[in-house]
1. Suppose we filter the stretch 44-60 for residues that are crowded, with 18+ Cβ neighbours inside 10 Å and more than 17 Å from residue 249 (Cα to Cα); how many remain?
2. Pull out all pairs, ordered by first then second residue, where Cβ-Cβ is under 9 Å, the residues are six or more apart or on different chains, the first lies in the stretch 79-92 and is more than 6 Å from the ligand (Cβ to nearest atom), and the second is of a type in the set (Asp, Glu).
3. With the condition kept exactly as written, say whether any residue in the stretch 96-116 is surrounded by fewer than 21 Cβ atoms within 10 Å (Cβ to Cβ) and within 16 Å of the ligand (Cβ to nearest atom).
4. Identify the residue in the stretch 62-78 that is within 10 Å of the ligand (Cβ to nearest atom) and β-branched (Val, Ile, Thr) and, among all such residues, is nearest to residue 52 (Cα to Cα).
5. Could you give me the residue pairs with C-beta distances under 8 Å whose first residue belongs to the stretch 135-156 and is polar (S, T, N, Q), whose second residue is modelled with pLDDT of 95 or more and in a helix (DSSP H, G or I) wherever it lies, and which are 6+ apart or on separate chains?
6. Go through the stretch 183-230 and give me each residue that's more than 20 Å from the chain's Cα centre (by Cα), assigned to a helix (DSSP H, G or I) and either surrounded by 19 or more Cβ atoms within 10 Å (Cβ to Cβ) or not polar (S, T, N, Q) (or both).
7. Go through the stretch 145-168 and give me each residue that's more than 22 Å from the chain's Cα centre (by Cα) and farther than 21 Å from residue 208 by Cβ.
8. Criterion first (of a type outside the set (Asp, Glu), more than 16 Å from the ligand (Cβ to nearest atom) and in contact (Cβ under 8 Å) with a residue 60 or more places away in the chain) does residue 34 satisfy it?
Amino acid sequence: MSNAINTTPSRVVEPGAHPAHRRRRRQRRRPSPPYLPNGFETFEQAKERRRHRRKVLRKGDRRARFVARVLRDCWPETRCSSEACPVCMRKFRKRFCRAATKVIASSPEWTRASVIPSGLAVPLGKLNSVNVPNLVKALRKRIERSPYLRNRVVVGGLDVSLNVKENVVQHWQLHLYLLIEAKRGRRLRAAVRTAFPPEPTAARPYRFRTVRDFAAASSYAYKSIFNRRSSYEKDGKPRTRNLPIKNDELRELCTFLDSFPIGARLILRGVRRNGEKLQTVKTKQVSTEA
Ligand SMILES: [Zn+2]
């Protein structure tokens, strides 16, 4: 019965049965598009995150329970399009990355500016008093008024984190992440500092980097995962690390995110959103001189 030995189940490896086989097969079938960075969250991860948020929101006040129901009713045919919904945000961010990567690739030099402007620190419990569409309008105006920045293409977003110092919550901090079509030089730095005076409590209110990985840069410009930003000292040097947001804070954050339309945190200059689908379209011929 030699063939009985050959067909012993333990010796048979079905194609795709081994986790490594499955992984390879999945990668072959669905290669990640070039406009998405490595490690872009998967649909399954987004669904898991949504499930967690629903669970936390259900234990909150009326407003939080309302958002829990919004997330519960998000189905493939009837997406909720809430900024609090990780599944809808993933879909939105995929479109945004596709559009933004195209815009970024059309010009040779880009700088990413991470900016913490003054006046955007919000006390814990007060996040829902922020009117995001009005705030974004005001921030765009500041870019328009800058003689240097107004002729540049800018693609970015308003981000939020919860600042924690030595384990004590300080405040919510709204900040900007801007991709600017310009060389990382003195004039750009000066223009950004003038347009956005620094938040006095921030250890590093400005960070400038030359953009090399377009996909990663565009995915950072509009984030959907928010953290506690914990600052502490190690060997006499100030350090920060990102930690997950706690349940009470998550409820406040999600009701805030649900209070404005999806994409309202976008800060665009020289490009526009086209129709219902997000398409970033270059509308201006701009100088690329530094
Ligand atoms: Zn949704």
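The values are calculated or read from the model by the stated rules, or taken from the named source; none is laboratory data. These figures come from a predicted structure and were not determined experimentally. Please note: Cβ atoms are built from the backbone with ideal geometry, for glycine as well, and neighbour counts cover all protein chains shown.
1. 1
2. 83/258; 84/258; 86/41; 86/48; 89/83; 90/41; 92/83
3. No, the stretch 96-116 contains no residue that is surrounded by fewer than 21 Cβ atoms within 10 Å (Cβ to Cβ) and within 16 Å of the ligand (Cβ to nearest atom).
4. Among those that are within 10 Å of the ligand (Cβ to nearest atom) and β-branched (Val, Ile, Thr), it is 70.
5. Cβ pairs passing all conditions: 146/191; 146/194; 146/195.
6. Result: 186, 187, 188, 189, 190, 191, 192, 193, 195.
7. The answer is 165, 166, 167, 168.
8. Numbers: of a type outside the set (Asp, Glu): yes; more than 16 Å from the ligand (Cβ to nearest atom): yes; in contact (Cβ under 8 Å) with a residue 60 or more places away in the chain: yes.
Yes, satisfied.
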